[in-house]
Structures are given as C-alpha cells and as structure tokens.
Amino acid sequence: MSSLLEIIREFFGNLLSFDQAHPLLFTQFYFWAFFALVFAVFSLFHSKPLLRNGYLFACSLFFYYKTSGVFLALLLFVIVYNFFAAKCLHRLKSEKGRSALTALSVVVDLGVLAYFKYAYFLTDFVNNLLGIELQVHDVLGEWMNMLTGTSLFRVDAIVLPVGISFFTFQAVSYVVDVKRRKIEPVRNFLDFGFYLSFFPQLVAGPIVRAVEFVRQLHKPYNLSRRWFGIAVFWIMNGLLKKLILADYLAVNFADRVFENPLMYSGFENLSALFCYSLQVYADFSGYTDIATGVAMLMGFYLPKNFDSPYKAVNTQQFWRRWHMTLSRWLRDYLYIPLGGNRSATAGTYIIILAVAVFGSFLSGSWWVAFGVFVLAAGIGLWAWKRPGDRRLITTNINSMNTMLLGGLWHGASWNFMIWGGLNGIGMVIYKVWTKRTMRVKLVIIGLATLLCGALSFTLHYPVWNMFFVWTLILLLGTVVKALCHSARSEESGLSRAWDIFQTFVFITFTRLFFRSGSNLDPALANEEAWNTAKNMVNQIGSAWDLSLVPAMAWQHRTVLLLFVAGMIIHWLPDRFKRRYRLVFAHLPLFWMAVVVVLIIVFFFQFITADLQSFIYFQF
C-alpha cells in the first residue's frame, strides 16, 4: 500500500512540477494526455461561455507553467496590467491623456520584453561606451528570492521566457486598438486572460489580435463533422512537418554542419543551408498547424500564419506569405505609424540613428555609423532635389527600417541585423527593379556579373566567387525572361518558375545569417554567429571538387531525398492540397482513426531520441 501511495505521490509530483530540461511540447505524449484531459472536462460545459473561458484560462496558465515555470508570474503581470490599462484608457475623454496612457502601456510592455531579450546587448553597449565592467544581474530573480526567502532563482543570468514576444505583441496591439477605438475593452478579466494566454498559440504564435478573437469568446460552441476532420488533419499535418521534415533534417544533417562548417565541403554546407530553409518553415508552420487544429477542436479559429511562402515570386510577396500575423503586426503598428508609403516621420530618423549606433556597436567600428549617416544624408539630398521621387524614397526607407527592426526583434545580434537588412534590401530592390525596362535589367545584371567576375578572379575571396556564380545564374535567368518578354509571354510558367526559384535562393541565403545567430548564449552570440556565417560562406565559395559531389550526395541521400520530397509537396497547387484535405476530413470516423494510427506508426520511424523544441520558442 505504501509503495502504491509513493507511486501516486511521485506521479502527481511530476505532473505539478516544472522540468526546465523537458518543457511541455506538442510533440510529447504528455501534451496529448494533457489535452485529452482538458478536452474531456471542456466537453462537460462547452455550452456555457463564461465557465468555458475561465476553465480554459486556468488550463492555459497551467500549460505555461509547465513550459516556463516561474515565468508564469510574468505572464500574469502582463495580463493584469493590460486589462486595467485598457479599462482606464477607455474611460479617458482627453485625447492627450489617452495618448499618454497608451504610450506608457507600450513602454511597459516593450520594456519587459527588452529587459529579458536585450539585457546582454545593452550591458555590453554601456560597458563599451563608458569603459566600465557591468555584469548582467537578474533583478527579478533577486526579487523572487526575497519574496520566497530562498535562493531558488538564478541572479547571475537572464533567461528568456518562452513566448514572451508573442504575448507581449498581442498585449500591445490590444491596447493600441482600444486607443484607436477599433475595439471595446474586454469587460471580464477571465475573458481577457483567456484571450492573451490561450495555450495552443501562446508560446509561438500566431499573433492573435483582440479584434479577431474576442468576438469568438461568447459565441455558441459548434464543431461540425467536417470541421472535426479538418482539425485532425491540421494536427497530423503539423506533426508530420515537425517530426519528419524539421527534426529529421536538423538532427541528421543541418545542425551538424552549422555546428562546425569547416569539417564539411562546400557542397555539404550549401545543402545544409537549403535543408535549414525547409526545416525552419516546416518547424514553424508545423507548430501553427497543430495550434490551429487544437484550437479548432475547442471551437476557436486562429488566423492563417503561412501561405506556401516558398511559392513567392519576389521578396515582398514572401513576407506577405511568411509569418503573416507578424508581418501584418509590423505593418499596422510600425510601418504605417512611421509614415508608411506617405512620408517620413520623426520616428523614421530616430530609427536610422538607432540603427547606426547599434550597427557600430555590434561591428565594433564607428565607421559603420559614419557610413549610415553618409548614406542617409545622400538619400535625403536626393529626396530634396527630386520631389517627384520623395514618396518612393520615404516608402523604401520605412520598409527598410521595419525589416531591420524585425531582424532585431529576433535578437540583438549582428547576424540578425544583417538578415533583416538583406530582406529589406531585397524588398527595396524589387520595388525599384519592377520599374526598369528589360533592356536596362539586362545591362545592370550584365555589369554586375562582370564586376563580380573581375573581383573573383583578382581577389580570390570565396565570397566573390559565390557572388559571381549567383550573378551569372541571374544573368542567364534574365536572358530567359527577356525571351519570354519578347514572345509576349511575361507571365509564362517558365518565367514564374524562375521568379520562384530566384526568390527561394535569395531567402535561403539570408537564412545563413538567421540560423547562425540562433541557439546561442546571448553573451557569446554576436562573435560565434559571425564566425559561423563567415566559415560557411568561405566553404561554399571555395573551389569544389566536383568529382566528389556524387559520392557526397549518395552519402546524404536520405536527407536530400526528404528535402526534395518536402519541396515538391510545398509547391503542389493549392487546389490539390485542398482536395486531399477535404477527402481526409470526410472519411468515416473508423477509417480516419485507422489513418491516424498508421501516421503515428510512421512518425515513430523518424522520431529522434531527444525531441527538439520548436525553433521560434527562443524568440
């Protein structure tokens, strides 16, 4: 009897405790046991909205505790603060008072985010600026030790809470939308807490705005037979993306190459880069698919977050298809307030100044700031001399600022800034490029190819070798598009396929800097990330022994075949995907269960020994 009680005590002890090494993940059996229990109790009072929302709020808090431990207190603070801030904001009649309270709320929310996300960067910045040696010290950890009278909480390091960027951005959008009178503040605290902490999308999005979700809080629960099938499909689809594509590519190839690029050939480095591009999509969109399916089973609908982004024909379209809720958030709460495509504002110039300072600090050279100021002055002079181009110039500056800040949102690393900057440059070039004639395009690409070729053959730097090969491919592709244009088939399948390929390769190249800045200790991220990116560029741009490529491809055949299969599925027509989704949704329940069991058995053939966290947990 005592042994049974001990087993029961141990079981509930493990259930109610937080294990930092094993957070609750969608890919764990424990999560599905948790969800089965949640859903079983949910079914008892799903028709009573207030009780249902309060229950799911409590379940979401427990889920976050199992994911992030004591950071549950931080989530509760954000919920309580923004609930009452919006209430006060709604009562204020003075526009100045409303603006001041909104600004205060945004500062508080983003200040919490900045404390956890940029403490190391800001400490290093102050140390270098003033020549002192401050050490990172977790003030919140110290407060918690004082409150509990223990030393359980570390004070010598700041740990980033899981999902902090996502629930902070939701809180900011809620307060700003109340200020803009787009929505009324949520009256019931349980409803608001449920909105901000809904567990399927809490830790990695999508970013759900109150205007999209609050209206669902009190609608009658309705889950038709068809929507049940679609929900199960999204869950299976997300698990397939995560376990078979993302985790297998990462563990068996991509992670190994990125950890030590110099041990692998240029072909293997390039292959790892392309595999990572598919991995990060499968990982992030897989999470979104699972979250969508789980929420749908409980009668709630989350906004679409991905729309086959690697089908994009240009960089601008890519960002309308990738992490769509973040792109829209940046557009509505950053790009448009900066002036959008209308004009530059004070915020535009403040961001240019901040980028110059950040760039100088991260690179260790004030020449970067000087270069940014010279470039900004040149653009300003151009806008002053050419009033007709002023709108185009300010639009591009605001787009560039938005992408740079989007890069820094992922982390205070030089590599994230480069990644954001490259995407911004890609968007700006596309806007300018579409206004050029085909003849001008051929001349520009031809000159760029000659320049890169000359630098490659004279300087012998791997980076110039890489640029020369790529500009040569661009030149050939532009010639093909010119032929299509002359044949009046600009929108031909061949031309569109080339645009998709060109965009995918460009986005994949930017991933080099994104991946190099990930999974690192914040105190060491900048130097290690830069070295990883530099080593991979050197390997890719160095001379290849083409005779060894077939043998290396055969050695990694499973990974490469999986990559090819993943891309083919991604590029399938949307109507075809919709068709097999509906076929699955309309299967009889018995056969649907059989298919699910077979899929789960298939998962176990690919599952890794140690389940991998979702990539965007760290952001």
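Data overview
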{"quantity": "For the stretch 406-468, diffusion coefficient by Stokes-Einstein and Kirkwood Rh (Cα), 20 °C, 1.002 mPa s, µm²/s", "calculated": "155"}
{"quantity": "Relative packing of peptides 505-513, 75-83, 473-481 - highest average C-beta neighbours within 10 Å first", "calculated": "505-513, 75-83, 473-481"}
{"quantity": "log10 of Debye I(q)/I(0), alpha-carbon scatterers only, for the stretch 309-354 at 0.33 Å⁻¹", "calculated": "-1.04"}
{"quantity": "Per-residue ³J(HN,Hα) for the stretch 52-58, Karplus 6.51 cos²θ - 1.76 cosθ + 1.60, θ = phi - 60°, Hz, x for Gly and Pro", "calculated": "4, 5, x, 5, 5, 4, 5"}
{"quantity": "Long-range HN-HN contacts of Phe306 with modeled amide H, under 5 Å", "calculated": "Met324"}
{"quantity": "Shape parameters for the stretch 253-295, alpha-carbon atoms, Rg then Dmax in Å", "calculated": "13.9, 44"}
{"quantity": "D_trans [Stokes-Einstein, Kirkwood Rh over alpha-carbon pairs] for the stretch 37-131, 37 °C, 0.692 mPa s, µm² s⁻¹", "calculated": "197"}
{"quantity": "Shape call, the stretch 66-107: gyration tensor on alpha carbons, a/c limit 1.5", "calculated": "prolate"}
{"quantity": "Order by protection proxy (mean Cβ within 10 Å, highest first), peptides 250-258, 223-231, 332-340", "calculated": "250-258, 332-340, 223-231"}
{"quantity": "Computed Kirkwood radius, in angstrom, where 1/r is averaged over Cα pairs of the stretch 439-479", "calculated": "10.0"}
{"quantity": "Highest-first arrangement of 298-308, 202-212, 578-588, where packing means the average Cβ count within 10 Å", "calculated": "202-212, 298-308, 578-588"}
{"quantity": "Using θ = phi - 60° and Karplus 6.51 cos²θ - 1.76 cosθ + 1.60, couplings along the stretch 308-315 (whole Hz; Gly, Pro as x)", "calculated": "6, x, 7, 8, 5, 9, 7, 5"}
{"quantity": "J(HN,Hα) series, the stretch 528-540, from Karplus relation 6.51 cos²θ - 1.76 cosθ + 1.60, nearest Hz, glycine and proline x", "calculated": "5, 5, 5, 5, 4, 4, 4, 5, 5, 4, 4, 5, 5"}
{"quantity": "Most positive-pole-ward Cα, Gly229, Phe253, Val203, against dipole of the stretch 188-256 from beta carbon charges", "calculated": "Gly229"}
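Read-outs throughout are calculated quantities, based only on the coordinates presented, and are distinct from any laboratory measurement. Because the structure is predicted, anything quoted here is derived from the model rather than measured. Counting neighbours? That spans all protein chains shown, and the Cβs are built from the backbone with ideal geometry, glycine included.
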